[in-house]
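Quick notes on the structure that follows.
The values are calculated or read from the model by the stated rules, or taken from the named source; none is laboratory data. Please read these numbers as outputs of a predicted model, since none were measured by experiment. Note that each Cβ is placed from the backbone with ideal geometry, even for glycine, and that neighbours are counted across all protein chains shown.
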Amino acid sequence: MSCKGCSQSVFVSNEYIQKQVEEQLELETNIVDDKVYEKRLTQCKECPSLLYDTTCAHCGCFVLFRAKLAYKTCPYPAGAKW
Amino acid sequence: MKKNQVIINADIEKGTINKNIYGHFAEHLGRGIYEGLWVGEESPIPNTNGIRNDVLEALKKLDIPVLRWPGGCFADEYHWKDGIGPRENRKRMVNTHWGGVVENNHFGTHEFFMLCEMLGAEPYISGNVGSGSVQEMSEWVEYMTFDGESPMANWRKENGKEKPWKLKYFGVGNENWGCGGNMTPEYYADLYRRYQTYVRNYGDNKIYRIAGGPNVDDYNWTEVLMKKAANLMDGLSVHYYVHPGGFENKGQAVDFSEAEWDVTMQKTMYMDELITRHGTIMDKYDPDKRIGMIVDEWGAWYDVEPGTNPGFLYQQNTIRDAVVAGAHFNIFHQHNDRVQMANIAQMVNVIQAMILTESDKMILTPTYHVFEMFKVHQDAQRVSLHLNIDTVKENGYSYPQVTASASKAKDGTLNISLCNLDKAVSTTLDIDLRGLEFSNVTGRILTSGEMNAKNTFENPDHVKPQAFKGFAREGSSLKVELPSKSVVVLTVR
């Protein structure tokens with residue numbers, strides 16, 4: 001058995017994330033429209049809490065995924081940005 | 001409805017259940033330390049000296065006896081000198097084990113000891129054998145525990161800590177068969193002998209030295225370590241995780257099948273075999289059981305939550321995990337003569353966590369509630385217990401329907417912990433209570449109608465303990481109606 005340190009990386013390809021998002025969004029019904037999605041992502045991209053250009057430091061989510069969900073808010077501790 | 005039997009001889013004591021079996025593990029990975037415990041003094045999240053208050057208050061209720069830090073795999077590339085002194089000057093480093101995360105070292109030795117003091121927990125430091133030097137390890141111990149004039153003690157004083165800390169538990173490396181150096185047991189045994197030599201006892205601070213142990217069922221590792229270094233160790237670590245689908249595709253934490261429930265329970269019970277067989281080897285070299293078996297990483301480990309970064313090891317936690325935790329504790333209790341510590345992996349936001357956070361929100365997991373319910377066993381006297389229990393055979397897997405253990409607290413109170421591992425079938429349990437006069441029985445239960453019930457930020461109290469009334473006294477016996485997928489603690493006075 002491998003040890004946990006050898007198993008996963010925090011750096012993942014855009015293809016991986018896109019596939020994850022597409023698969024998961026097939027199960028989601030409560031999603032935002034493209035305009036809201038793009039606006040949210042713009043704010044994420046400017047946020048100091050965005051890690052590796054993919055991941056929110058406060059929830060561990062890929063922002064490409066979380067920003068699609070209508071029932072989620074931005075978890076920035078000093079105040080939600082969306 | 002099946003029927004099972006438990007016989008408890010409350011007047012036959014089998015030794016102390018070391019409270020350290022209820023230990024925890026916090027590693028620098030994902031949001032375990034940063035975000036989960038440490039938010040920094042400037043954070044808008046309410047905190048005490050940088051430790052978030054909500055998590056701290058919840059953890060205090062668990063009476064955590066010991067906390068292992070900074071890893072895990074992280075320990076063998078952690079250089080402690082990077083994590084002391086003014087935070088703004090601390091070195092930013094790359095945590096290569098966890099994919100190149102930038103580590104700002106804001107949570108270091110001083111912050112760790114502060115957290116332990118806040119929790120009332122004994123610190124357990126994992127030292128760096130894999131990429132560190134003997135000198136570095138030796139100086140860390142000097143920094144932490146030397147009282148008087150010395151280079152490291154003086155440095156500690158300059159950093160604001162005049163008196164040394166008390167440090168009892170020190171691990172000489174971690175998973176040295178893997179992320180801690182990819183060593184053979186022979187090579188690590190030699191290194192262990194060398195490194196531990198310089199883990200000094202300063203003043204009256206006596207260190208309990210823990211050697212890096214085997215990977216799951218690598219019995220040869222235990223044999224070699226015990227043969228070559230038993231006289232130089234106080235504890236030997238054992239790590240074992242429950243992966244329903246195996247290491248590569250572990251399975252989902254929430255959307256799992258009935259067959260995955262069954263394999264999870266079967267793999268949980270494997271812990272008993274591991275302790276027995278590693279213990280048998282230890283008995284050969286240490287028949288008096290001086291050396292403790294330290295299960296310093298355990299828990300159910302699944303694929304990460306969909307949509308989250310896989311390197312963060314963030315998973316949800318259901319009633320299945322509560323049963324897994326309860327069953328592990330019953331196993332640890334039954335091996336209280338050898339198992340002297342166990343540390344759940346991990347404390348917050350990582351693998352089988354007590355607590356999940358999202359920004360300023362926090363939820364307690366079903367596993368948290370088991371730790372809280374079972375804390376009555378800490379440092380209590382295990383009493384004799386015999387089980388006559390049905391075996392669940394489903395989907396090609398098998399496991400006992402019920403596991404149990406019992407202990408007597410200092411005030412004479414008897415606590416009986418029961419787990420029904422069956423996902424669907426309740427049972428009537430006859431508990432024959434011998435050797436005890438009693439007048440009062442109370443109980444608490446953690447259960448759910450759904451096998452994947454969980455707490456969420458939207459519904460944080462979906463799974464929580466309730467008062468348990470499902471029992472009746474018949475003379476010296478108790479007849480207990482134990483629902484499927486449940487964890488119960490009965491208190492008998």
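Kindly indicate whether B:Ile294 is out of contact with any Cys (no Cβ under 7 Å at 6 or more places or on another chain), within 23 Å of B:Phe74 (Cα to Cα) and not charged (D, E, K, R). Here the answer is yes, as B:Ile294 does meet what is asked. Regarding the stretch A:32-55, can at least one residue be identified that is within 13 Å of chain B (Cβ to nearest Cβ), of a type outside the set (A, V, I, L, M, F, W, C) and buried (at least 20 other Cβ atoms within 10 Å of the Cβ)? Yes: one or more hits. For the stretch B:202-230, the set of residues classified as farther than 25 Å from B:Ile21 by Cβ and among the polar types (S, T, N, Q) consists of B:Asn220 only.
In summary, B:Glu248 fulfils each of the numbered conditions (1) within 13 Å of chain A (Cβ to nearest Cβ); (2) assigned to a loop (DSSP other than H, G, I, E, B); (3) farther than 20 Å from B:Val216 by Cα with the single exception of condition (3).
When the stretch A:12-55 is filtered for residues that are assigned to a loop (DSSP other than H, G, I, E, B), hydrophobic (A, V, I, L, M, F, W, C) and more than 10 Å from A:Ala67 (Cβ to Cβ), the ones remaining, listed by number, are A:Val12, A:Leu27, A:Cys47. Candidates are the residues of the stretch A:57-73 that are at the interface with chain B (Cβ under 9 Å from one of its Cβ atoms) and under 8 Å from the mean Cα position of the chain (by Cα); the one that is farthest from A:Leu27 (Cα to Cα) is A:Gly60. Go through the stretch B:251-273 and give me each residue that's under 13 Å from B:Trp298 (Cα atoms) and either assigned to a loop (DSSP other than H, G, I, E, B) or touching a Pro at 6+ places or on another chain (Cβ under 9 Å) (or both). Within the stretch B:251-273, B:Lys267, B:Met269 qualify. Considering the stretch B:210-237, and only residues there that are among the charged types (D, E, K, R) and surrounded by fewer than 19 Cβ atoms within 10 Å (Cβ to Cβ), the residue that is nearest to B:Tyr285 (Cα to Cα) turns out to be B:Lys227.
Of the residues B:Pro310, B:Pro287, B:Pro366, the single one that is more than 14 Å from chain A (Cβ to nearest Cβ) and without any contact (Cβ under 8 Å) to a residue 24 or more places away in the chain is B:Pro287. The numbered conditions (1) in the same structural domain as B:His24 (by the TED database); (2) among the β-branched types (Val, Ile, Thr); (3) assigned to a strand (DSSP E or B) are all true for B:Thr403 except (1). For the stretch B:143-155, filtered to residues that are touching a residue at least 40 places away in the same chain (Cβ under 8 Å) and buried (at least 20 other Cβ atoms within 10 Å of the Cβ), the residue that is farthest from the other protein chains (Cβ to nearest Cβ) is B:Phe146.
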